[in-house]
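Trainee: Can you keep this structure in mind? I'll have questions shortly.
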Amino acid sequence: MERAVSPGSTATIDSMSNVGTFLDKSLLPNALHILGEAGSLAAGKNSSGATTAYLVGGPVRDLLLGVQSRDFDIAVDADGPTFAAELAGKIRGEVTFRSEFGTAKIAAAGLVIDITMIRSETYAEPGALPLVQPGTLEDDLARRDFTINAMAVDLTPGRWGELTDQHGGQRDIVLKTIKSLHPGSFSDDPTRMLRAIRYESRFGFKMDPKTLTSMTESAGSLAKVSPFRRLAELRLIFGEETTVDILEHAEERDLLAGIHPALRISRQALNKFDSAPDSLSNEERQTYYMALIGSALTQGEAESLSRDLELSSDWSGALLSGPKFKGVAGILDRSDLKPSEVVELLAPFPVVALEAQLQLAPPLLRRDRLSAYLTDYQHSKPELNGDDLLALGVPQGPLVGKLIAELKVGRLDKTILSRFEEEAHVKRRLPMLT
Ligand code: ATP
């Protein structure tokens, strides 16, 4: 099936107002300067041949919502990378990415500016990547996901602030509604269902009834999307502040299974998403989520999820830790376990996966042991290092590592308490080992 998403030149702009003053007042000075430069460059003589530049999509939505953006999407009627190279020179920015599809990225003054060519898109078949070609502004807005993301603001000096809103984006911002542009939107691109839930949750909006019905009908089509894109959506969900809410909605609407059939998230795991230690970086927090998810999966499920979505080694390691930990949890509850044995059991696990297991652990000995490992045991090491051992007469080679390991065990189990006792241990063992 070939279906043009955009109505092309037949589209009428039925709502146009000017948000120029709003732009001037709301944006940070550096953002305002950059947008002004983009507009002036397009309106003047420039190497890309652009004549207009628009702020489009998310930043327009955020502007009307009163949310400060750091990412700005600008669409020009010319080749994006050529325009970006010239703009970067004017705003002392750096082009950090350019693609053959007419897009480029500039980093400048702590902001990210995406430059794209104004384009139209058609889908050869549902779920496939769109075929892209130059188009009108109306085409470009009509290819977008939701009304609130389908507005543009002119940045050229004579028309500064003119808003194009042909799909009722302003209305839906006021009504707090997520609404698709047309009934076939989700079958064209099923990832839009996950995007819809993200926006619904992020902004506290509700779903338009027809959009919701279409979501129910299209839920199964998410499985047709490439694993790469499904994983990208999962990452975006993990990157939101309301991850738990989004996952709950996705589960209610049968979309998690569309990302992967093994992606079941237990209530117990979901309750712990917000307990990630503050010390974790954003990346680590996402790995922690994978570890929580893995705790409810079998080894086979974790392996298929990891393989099919081609997870990174960090995510895969965290996910597989879930079923693997079930094998050691019972041993950790044994009262006769020495600290060095706890270390032997837990050292193969990624630390972030153990943080997740600590949150999930029932109040049994395993919890104390996880806690002791994370706060204390994992950092324990002897005072003597390899050079000290060589100075004590240990020959270079595997014996150094073996003795260091013995000292570590002694320190953990408190059979060796000082540097002096470490030296004594080495001197006593050396004749036995050589
Ligand atoms: P965010 O704040 O999440 O970054 P954003 O709206 O800037 O929001 P992007 O993913 O950066 O989101 O996409 C930029 C714009 O491209 C969107 O506002 C939307 O208009 C359009 N867009 C992105 N993904 C799709 C899609 N799958 N289908 C249609 N339009 C899309």
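Trainee: Could you work out which residue, out of Thr21, Thr287, Thr51, moves most in a Gaussian network model of the chain, that is, has the largest mean-square fluctuation with Cα springs under 10 Å?
Mentor: Most flexible of the set in this elastic network: Thr21.
Trainee: What are the GluC sites (Glu not before Pro) within the stretch 224-261 that DSSP puts in a loop, where the Cβ has at most 14 other Cβ atoms within 10 Å?
Mentor: Values: sites: Glu233, Glu240, Glu241, Glu248, Glu251, Glu252; in loops: Glu240, Glu241.
Here the GluC sites (Glu not before Pro) that fit, given the DSSP loop and packing criteria, are Glu241.
Trainee: Counting only heavy atoms of the protein chains, get the accessible area per residue of the stretch 386-433 (1.4 Å probe) and round it to a whole Å² value. All intermediate terms of the calculation are to be shown ahead of the outcome.
Mentor: Working: 2830 Å² over 48 residues.
Accessible area per residue: 59 Å².
Trainee: What is the helix-to-structure angle for 80-90, meaning the angle in degrees between its Cα long axis and the longest Cα principal axis of the chain, kept from 0 to 90 and rounded to the nearest 10?
Mentor: Relative to the chain, helix 80-90 is tipped by roughly 80 degrees.
Trainee: What Kirkwood hydrodynamic radius do you get for the stretch 278-370 when you take the inverse of the mean 1/r over all pairs of distinct Cα atoms, in Å? Walk me through the intermediate numbers first.
Mentor: On the way: mean 1/r = 0.0744 Å⁻¹.
One over the average 1/r among Cα pairs gives 13.4 Å for the stretch 278-370.
Trainee: Between Ser279 and Lys338, what is the label-to-label distance in nm when each label sits 7 Å out along the Cα-to-Cβ direction?
Mentor: Between Ser279 and Lys338, the simple spin-label model gives 2.6 nm.
Trainee: While we're looking at this one, here's another question. So if R0 is 56 Å, what FRET efficiency would Glu421 and Asn271 give, r being the distance between their Cβ atoms, rounded to the nearest 0.05? Mind showing how you got there, number by number?
Mentor: Values: r = 46 Å, r/R0 = 0.81.
Approximately 0.75, to the nearest 0.05.
Trainee: Calculate for the chain the 222 nm mean residue ellipticity that helices alone would give, adding -39,500 (n - 2.57) per DSSP H run of length 4 or more and normalising by residue count, nearest 500 deg cm²/dmol.
Mentor: Numbers: 22 runs with 220 residues, N = 434.
Computed mean residue ellipticity for the chain: -15000 deg cm²/dmol.
Trainee: Using a probe radius of 1.4 Å on heavy atoms only, what accessible surface per residue do you get for the stretch 31-100? Whole Å² is fine. Walk me through the intermediate numbers first.
Mentor: On the way: 3020 Å² over 70 residues.
On a per-residue basis, 43 Å².
Trainee: Round to the nearest 10 and give me the degree value, 0 to 90, for the angle of helix 398-412's Cα axis relative to the longest principal axis of the chain.
Mentor: Helix 398-412 sits at roughly 90 degrees to that axis.
Trainee: Now a separate question. Of the accessible area of the stretch 176-259, with the probe set at 1.4 angstrom, what percent is carbon plus sulfur?
Mentor: Values: 1910 of 3470 Å².
Carbon plus sulfur share of accessible area: 55 percent.
Trainee: Which whole-number value in Å² is the accessible area per residue of the stretch 176-259, probe 1.4 Å? Kindly include the intermediate steps, with their values, before the conclusion.
Mentor: Values: 3470 Å² over 84 residues.
Value for the stretch 176-259: 41 Å² per residue.
Trainee: 5 Å is the cut-off here: which amide hydrogens, built 1.01 Å from N in the peptide plane, fall below it relative to Thr96, excluding neighbours closer than 5 in sequence?
Mentor: Close amide H contacts, sequence-distant or interchain: Lys105, Ile106, Ala107.
Trainee: With r as the distance between the Cβ atoms of Ser226 and Glu303 and R0 = 25 Å, compute the FRET efficiency 1/(1 + (r/R0)^6) and round to 0.05.
Mentor: On the way: r = 20 Å, r/R0 = 0.80.
In this case the efficiency is close to 0.80.
Trainee: Count neighbours as other Cβ atoms within 10 Å of each site's Cβ, and list the GluC sites (Glu not before Pro) in the stretch 32-100 that are DSSP loop with at most 11 such neighbours.
Mentor: Values: sites: Glu37, Glu86, Glu94, Glu100; in loops: Glu100.
Of the GluC sites (Glu not before Pro), the ones in loops of the stretch 32-100 whose Cβ has at most 11 other Cβ atoms within 10 Å are Glu100.
Trainee: Using amide H atoms built 1.01 Å from N in the peptide plane, name the residues 5+ places from Thr177, or on other chains, whose amide H lies under 5 Å from its own.
Mentor: Hits under the 5 Å cutoff: Lys206.
Trainee: Next up: When the Karplus curve 6.51 cos²θ - 1.76 cosθ + 1.60 is applied with θ = phi - 60°, which whole-Hz ³J(HN,Hα) does each residue of the stretch 183-188 get, with x for Gly and Pro?
Mentor: Residue by residue, the stretch 183-188 yields x, x, 4, 6, 6, 4 Hz.
Trainee: If you roll a 1.4 angstrom probe over the protein chains with everything in place, what fraction of the accessible area of the stretch 11-175 belongs to carbon and sulfur, to the nearest %?
Mentor: On the way: 3690 of 6830 Å².
Taking all protein chains in place, the stretch 11-175 shows 54 percent carbon and sulfur surface.
The values are calculated or read from the model by the stated rules, or taken from the named source; none is laboratory data. Nothing here was measured: the structure is a model prediction, and the numbers come from that model. So basically every Cβ, Gly included, is an ideal-geometry build from the backbone, and we count neighbours across all protein chains shown. SASA here: full protein model, heavy atoms, side chains in, ligands and nucleic acids out. Shrake-Rupley method; radii C 1.70, N 1.55, O 1.52, S 1.80 Å.
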